[in-house]
1. For the chain, compute Rh as the Kirkwood radius over C-alpha pairs and then the Stokes-Einstein diffusion coefficient at 37 °C and 0.692 mPa s; write the answer in µm²/s, rounded to an integer.
2. What is the sum of charges, Lys and Arg at +1 and Asp and Glu at -1, for the other residues whose Cβ falls under 9 Å from the Cβ of R135?
3. Suppose only helical runs count, i.e. DSSP H with n ≥ 4. What mean residue ellipticity at 222 nm does that imply for the chain under -39500 (n - 2.57) per run, divided by all residues and rounded to the nearest 500 deg cm²/dmol?
4. Please give me the summed charge of the neighbours of E230: other residues whose Cβ is under 10 Å from its Cβ, Lys and Arg +1, Asp and Glu -1.
5. Tell me, what % of the accessible area of the chain is carbon and sulfur with a 1.4 angstrom probe?
6. How much net charge surrounds A459 when only the other residues with a Cβ under 15 Å from the Cβ of A459 are counted, with Lys and Arg +1 and Asp and Glu -1?
7. When the expected Rg is taken as 2.2 N^0.38 Å, what fraction or multiple of it is the alpha-carbon Rg of segment 62-112?
8. How many percent of the alpha carbon pairs in segment 220-299 exceed a separation of 17 Å?
Amino acid sequence: MDVAPRDGLGRRGFLRVACAAVVGSVAACAPGSREASAPASPTSSPASTTAARKPAQERLLPGDPDWRARRRGPDEAIEGYSDRASVLPGETFGLHVSTTEGRYRITAYRMGWYGGTLARRVWRSGWMRGRDQGRGRLVGDTRTVRAGWRRSLNVSTEGWPEGAYLLRLDTERGHQRYVPLVVRSASGAGRTVLVHATPTWQAYNRWGGYSLYYGEDGRYESRSLAVSFERPYDRTGMEKFLIHERPVVALAERLGLPLAYTTGGDLEAGDDVLTGAAAVIFLGHDEYWTPGVRRTVTEARDAGANLAFLGANTCYRRVRMEEDGRLVVCYKTAVDRDPLVRTRPSLATTDFRAAPKADPESSLVGVYYDGYPVDAPFVVHEPGHWLFAGTGVRRGDAFPHLVGVEYDRVNTNVPTPRPLQILAHSPVTCVGRPSFADAAYYTVQSGAGVFASGTMRWAETLMAGTRDLPRAHGIGARTRAFVTTATTNLLKGFAEGPAAERLPTPDDNVRRTYRA
């Protein structure tokens, strides 16, 4: 959720098959080595001695129920960060760890389904001597926090399957933290590509007292104008993966779909992972995009890749990635201070819909970000749509609390693809202003289908009310089953290539719905 004040309001695949509804929930869900000189080998743990398996084999392996971090402890007890947000299988990355305790070790867990266990251990280090490396420093006019820690060890991912990982840091006294890592795919041809929103994780990360929303004094005006990956994640930064992305990963792996994994940073870096992809899934809260990512995703759509946006407020902020992708720059309302605002205005870092180069997100997503905060029922508008097959819904059926905390709507005053069908049309009141939240679906000439949920809570509802998300806004089992079935239909339908070649085309109901 976007808690700051609002400032203003490539390539792809084929195959086929009809979608089927599957009801269900994603839930239940070395002694004293010297720190900076101990390379970590994947053979350090019996869990990683087997060569990387194909995804179809990987998903059938037993998981490890001990993956959850249960005891956080003081902030300085143990923290860490990786020098790379993602790596290709077999590549090495560096870990930077600081702890006030004597020894620690690291365990790598691959996130997935694993029979409901949700993670599998693939590697564990030996016990290593700890070092307190301080609390970081504030750098430059952009108020950027950098930890500046020495590298503690190198880790090889030889034998690690592609996927999303949590590296858990454990001290001898039992204090724990996570460091996220994506072992990305070199190719997504014929597969469903899951995109992890690493720039958005970092935008909200307030480690060291600063994020793109707040300064150390809690004011928007003293926020960072650029945030660095060279620091650990605080609770909010990690929530972007744990709450808004992990539930979709678990369901997609449970279904046994051919999957590929990447990050927003890798799409900006020019990876060809979307070439030939069947579908591209933006998992939850994916707010911060570069113009380059937007071009790449648009090209993928226009080459036949289906797109799904399982959140709200997607592609809202225009950012730059600097320092080889380790720095996220976004001046927002201070865009006049951006060094590129006059020389390269298309790269000026503000909202996509704002000057100097306005390009509203709706032309790609289909819906337009409309506000925060709301808490409202999700109201079904087109129960006969293939997305809702097997749910048993009727027109007007409502699912409490599913719309929130941010939402999107169809707005024909801005660029909007047509034909477009509004699937859910939910009355909301945002700061006293009546409006609607819309879930929508459209297709393009390439045959690609594009779905937008219109609510930030879609992805997290897949685990709402379970052990891993027990207090999810009061969302109950009925809503969880509905969203799970609809998302299953979506993932299966989109995995088979251009949706318009097999599934009904949109019944453009925008004028009827809004009477405009």
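The values are calculated or read from the model by the stated rules, or taken from the named source; none is laboratory data. Keep in mind the model is a prediction, meaning the values are calculated, not measured. Ideal geometry is used to build each Cβ from the backbone, glycine not excepted, and the neighbour counts take in all protein chains shown. Surface accessibility is based on the protein's heavy atoms, side chains included, excluding ligands, DNA and RNA. Shrake-Rupley method; radii C 1.70, N 1.55, O 1.52, S 1.80 Å.
1. It comes out at roughly 142 µm²/s.
2. Residues close to R135 contribute a combined charge of -1.
3. Computed mean residue ellipticity for the chain: -4000 deg cm²/dmol.
4. Once positives and negatives cancel, what remains is +1.
5. Percent of accessible area from carbon and sulfur atoms in the chain: 50.
6. Result for the neighbourhood of A459: -4.
7. 1.35
8. 59 percent
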